[in-house]
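A short write-up of the structure that comes next.
The values are calculated or read from the model by the stated rules, or taken from the named source; none is laboratory data. Just so you know, these numbers come straight off a predicted model, no measurement behind them. Every residue, glycine among them, receives a Cβ derived from its backbone with ideal geometry; neighbour counts consider all protein chains shown. Areas reflect the complete protein model, heavy atoms only, side chains present, ligands, DNA and RNA absent. Shrake-Rupley method; radii C 1.70, N 1.55, O 1.52, S 1.80 Å.
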Amino acid sequence: MRVVYPLLFFLLLTGFPVCAVEPLAVVTAANSPLETLSLDNLKLIYQRKSQIDPEGNRWVPLNLPVADPLRRSFSLTLFSLLPEEQEDYWNVQYFNGITPPKVMASEEAVLRFVAATTGSIGYVRKQKVDNRVKVLLLLTPNPEK
Amino acid sequence: MSLAADDADSAYRLGSGYAVDETGLRIGGYANAKIDAPRAAPFYFEVTDLSLFITWDNGSRLRFFSELEGGDVLRGGEDEALGLQYAHFEFERFYLDTLIDNNLTIRLGKFLTPIGRWNVIHAAPLVWTTSRPVATENSFSTHASGLMLHGSVMVANRQLEYSVYGDATDALDPHQSREPLNNGVGAHLRYYLDDTLQIGASFANFSLNDDLSANRHHLAGLDFSWSYQKFELSSEIVYRTSDRANVKDIWQGFAQSVMPLFSQHWFAVGRYEFFDQELDKTGQVGVLGLAYRPLPPLVWKLEYRLGTHNELLAPDGLSASFAVLF
């Protein structure tokens, strides 16, 4: 028994973080005057229905590549749809001259772009947040089944 | 490492156009080819649309969009040789949007008349049938040229989209489309009841350029659209009345359902339409069709249409088409 409990404790420590749901941080530039953002507004921004931020700048929403688990999880959390299930919506928008959010290659790319571009907004895992950006909203993601 | 190198979507992708570096320019379009085999007329093949979109949006408050459309580009059939005899080109849309704030955008130029939903998303790759419901084009002009105020506001925590427009086609669109407005005003409202259901209402007061009597029409319409997973239900209805007592009031409408079949790429489509006509009794048609979408921007369609008093506006027959958004 003396061996079993420490072993169980070790398994809990090492095994659970892999499965645990890590919050998603919605971020903008550290020098932005914005402090918070509602989930409804975030949804409108990522649908490109809200185009201008409260400071009068154009929103520049950023996504990760379609296959990125973080993108898929963000999409499910925000829209209850996977990225590929939103293609019909984006085809209609494209017909009206509106393009989907810009796609960045990695979380680091999101952080770099957000820090350098007024009005941009992106999402990364909470642990990736650093002093280049500020967190507007924390999301508990819906993992893909 | 530069920021541009972090950008993962610079490559061309079907259905989203080609972005010209970081200029804000995007070029794309759609194409549609069909075969029509009406029951009482010879069959024919036609490249009905070849449209080129040019979008410019560099992140400022201004946004430009144009659609140059080649219509009936190539045609041939049972009793006519394949040729370019019907080809014509026009700017189907050409406008500049000025984003005032999150609730208001001002559009100046030529745009699709916001009556119902079909007319503003009518591109062949975005709709489920080769044929277009009569109610979505017969009783009004599909284009307007002038000024439009559009945007959205939140009402009871749900989005309400609006557009209000005034047309001055003669002044702004010298190369006029088929049956253009002479002048007109109108509005459309769309309310999102939830993520799957939206309802809309249209109003318009206009005269048509081709109408020599300068008759003024008043139009009211309702539309709804519901989609869940791959299922869809949609309907539009319009009522048009006129200033002159000798011009018949007309009701037109349709209801359409779409359901997935076999796999996620095959769909069954059913539609019922009715339409009052100036010179005949009320027409009615049913359309039964199949659609195969291997990718969202690409669709093959096959359908059969059958009805009564429909010879002029929606004749019986078989249609097949292929459309791609590029």
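Quick notes on this structure:
- Cβ-defined net charge surrounding residue A:43, 14 Å radius [Lys, Arg +1; Asp, Glu -1]: 0
- Using a 1.4 Å probe over protein heavy atoms, the accessible area lost on pairing A with B, summed over both chains, comes to approximately 3100 Å².
- √(5λ) per eigenvalue of the Cα gyration tensor, the range A:21-139, largest first, Å: 21, 17, 13
- Remark: mean inter-chain Cβ contacts per residue of A:52-60 equal 3, using a 10 Å Cβ-Cβ cutoff to other protein chain atoms.
- Relative contact order (%) - criterion: Cα under 8 Å, at least six apart; region: the range A:21-139: 50
- Accessible surface, per residue, of chain B when the full set of protein chains is kept, probe 1.4 Å, Å²: 47
- Rolling a 1.4 angstrom probe over the range A:21-139 with all protein chains present gives an accessible area of which 52% lies on carbon and sulfur atoms.
- Accessible surface of the range B:1-135 [probe 1.4 Å, protein heavy atoms]: carbon and sulfur percent: 63
- Of the two radii for chain B, the radius of gyration is 0.96 times the Kirkwood radius, both from the alpha carbons; that is the Rg over Rh value.
- Inter-site label distance for residue A:92 and residue B:306 at 7 Å from Cα along Cβ, in nm: 3.1
- Relative contact order, percent, chain B [alpha-carbon distance under 8 Å, six or more residues apart]: 14
- In terms of the mean number of neighbouring beta-carbon atoms within 10 Å, the peptides A:30-37, A:128-135 order highest first as A:128-135, A:30-37.
- Inter-chain shielding of A:81-94 (mean C-beta neighbours from other protein chains, 10 Å cut-off): 4
- Chain B: calculated mean residue ellipticity at 222 nm from DSSP helix runs of at least 4, using -39500 (n - 2.57): -500 deg cm²/dmol
- Remark: the residue A:138-residue A:22 segment gains 40.7 nm on full extension, using 0.36 nm per residue and subtracting the alpha carbon distance.
- Listed residue pairs exceeding 30 Å between alpha carbons, taken from A:43/A:134; A:43/A:126; B:34/B:230; A:134/B:230: A:134/B:230
- In plain terms, the chain from residue B:27 to residue B:58 could stretch by 9.8 nm, reckoned as 0.36 nm per residue minus the Cα-Cα distance.
- Accessible solvent surface per residue of the range A:21-139, calculated while the other protein chains remain in place, 1.4 angstrom probe, Å²: 39
- Measure of compaction for the protein assembly as shown (Cα Rg per 2.2 N^0.38 Å): 1.10
- Here each label is just a point 7 Å from Cα along the line to Cβ, and for residue B:295 and residue B:201 those points are 4.2 nm apart.
- Take the Cα of residue B:247, step 7 Å toward its Cβ, do the same at residue B:155, and the gap between the two points is 2.9 nm.
- Counting only other chain Cβ atoms within 10 Å of each residue's Cβ, the peptide A:95-108 averages 6.
- Residues residue A:31 and residue B:89, FRET efficiency given R0 of 51 Å [Cβ-Cβ distance, rounded to 0.05]: 0.55
- Burial order of peptide ranges B:288-299, B:244-255 (average beta-carbon count within 10 Å, highest first): B:288-299, B:244-255
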